[in-house]
Amino acid sequence: MKTFLDKMKDLKAEECARRGLQISEEELREKISGLPIPNSLSTALTRNSGNSPAIIAEIKARAPGRENVSELKLESVIRDYESGGAAAISVLTDEQYFGGSLESLATASTLTDLPLLHKEFIFSPYQLLEGRIRGASAALILAYYFTEEELRSILEEARNIGLECVVEVSLESEVPRVLAVNPDLLMVNNRAIAALPENPTKTYMQGSPQVTVDYWNHHADLRKWKQQPGKLLISASSVSTPADTAVLASVPCDAVLVGNAAMTATDRVSFLHSLNTPVQSHAA
């Protein structure tokens, strides 16, 4: 059965082919040679770690089955996120389904000094280069798209151009493959996006932070991975209340990624502050 992620990869291949006619991968590589080193996502999340997880607030105009904002006012959203205490900002750049763009990423980089996570359906070095040029500090890498060796390769490619990688799992079967490459930042998506049908509707919204807790409890190798210095665990999706962050108190979770709930909050600043309520931390 073709999944939503399969469909998105096909779409991205078409988009990259079109853009590749305008600017080649070699030309992109030339453009990054003089770029400054971006602000570190790992450093930002570590600096803000404590009794409550750091917040990666996401810019997402819409998602399959829902609209978050009728008009994306980028500067206003970023100012709210900064005032709300976000440690970093995730920028979704898919246009067709999520209302983003590479231009939004570029603009965001001029509006904030917070590290930017380029959230896209990335499968190629070309996409890494596109994000790096536009100010990304890190790139989202979906385990679904890669074998173990392919993961090693794309992570090395990112390191070579000054990008950190957040490697995402959304199925338990992906966990061993990701741990085998020993990423510095590992994100558990509490929605099983790798299992979504090609045309998701209400299914897209299902999820719970308990998924991160279950992964932690089920995988001794995940707990062993976290004992290494500098390894950061992120819980993404379905975090919309202080009760949700409290669920994660039993896990040494360094950060949460919050998207739909942050975008639709009546008062984004107060909403983000509410998620920063200290909770008893787990001994790593």
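The values are calculated or read from the model by the stated rules, or taken from the named source; none is laboratory data. The structure displayed is predicted, hence computed values, not measured ones. Reconstructed Cβ throughout: ideal geometry from the backbone, glycine too, with neighbour counts over all protein chains shown.
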Read through the list (1) in contact with a Leu (Cβ under 7 Å, 6 or more places away or on another chain); (2) assigned to a loop (DSSP other than H, G, I, E, B); (3) among the aromatic types (Phe, Trp, Tyr), then give the number of the only condition that residue 97 fails.
-> (1)
Does residue 194 count as buried (at least 20 other Cβ atoms within 10 Å of the Cβ), at pLDDT below 90 and within 18 Å of the chain's Cα centre (by Cα)?
-> yes
Of all residues in the stretch 147-162, which are in contact with a Cys (Cβ under 7 Å, 6 or more places away or on another chain) and of a type in the set (Ser, Thr, Tyr)?
-> none
Here are some residues: 208, 238. Which one is closer than 27 Å to residue 10 by Cα and either in a loop (DSSP other than H, G, I, E, B) or modelled with pLDDT under 95 (or both)?
-> 238
Filter the stretch 258-270 for residues that are crowded, with 20+ Cβ neighbours inside 10 Å and touching a residue at least 40 places away in the same chain (Cβ under 8 Å); the one that is farthest from the chain's Cα centre (by Cα) is 268
Does any residue in the stretch 87-102 that is within 13 Å of residue 259 (Cα to Cα) come within less than 8 Å, Cβ to Cβ, of a residue that is crowded, with 24+ Cβ neighbours inside 10 Å and of a type in the set (Asp, Glu) six or more places away or on a different chain, and which pairs are these?
-> 89/58; 90/58; 91/58; 92/58; 92/120
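Residues are listed down the side, and each one gets a yes or a no for (1) in contact with a Lys or Arg (Cβ under 9 Å, 6 or more places away or on another chain); (2) assigned to a helix (DSSP H, G or I); (3) in contact (Cβ under 8 Å) with a residue 24 or more places away in the chain:
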{"position": "139", "(1), (2), (3)": "yes, no, yes"}
{"position": "150", "(1), (2), (3)": "no, yes, no"}
{"position": "155", "(1), (2), (3)": "no, yes, yes"}
{"position": "159", "(1), (2), (3)": "no, yes, no"}
{"position": "167", "(1), (2), (3)": "no, no, yes"}
{"position": "177", "(1), (2), (3)": "no, yes, yes"}
{"position": "182", "(1), (2), (3)": "yes, no, yes"}
{"position": "188", "(1), (2), (3)": "no, no, yes"}
{"position": "200", "(1), (2), (3)": "no, no, yes"}
Answer yes or no: is there a residue in the stretch 146-153 that is among the aromatic types (Phe, Trp, Tyr), surrounded by 17 or more Cβ atoms within 10 Å (Cβ to Cβ) and at pLDDT 95 or above.
-> yes
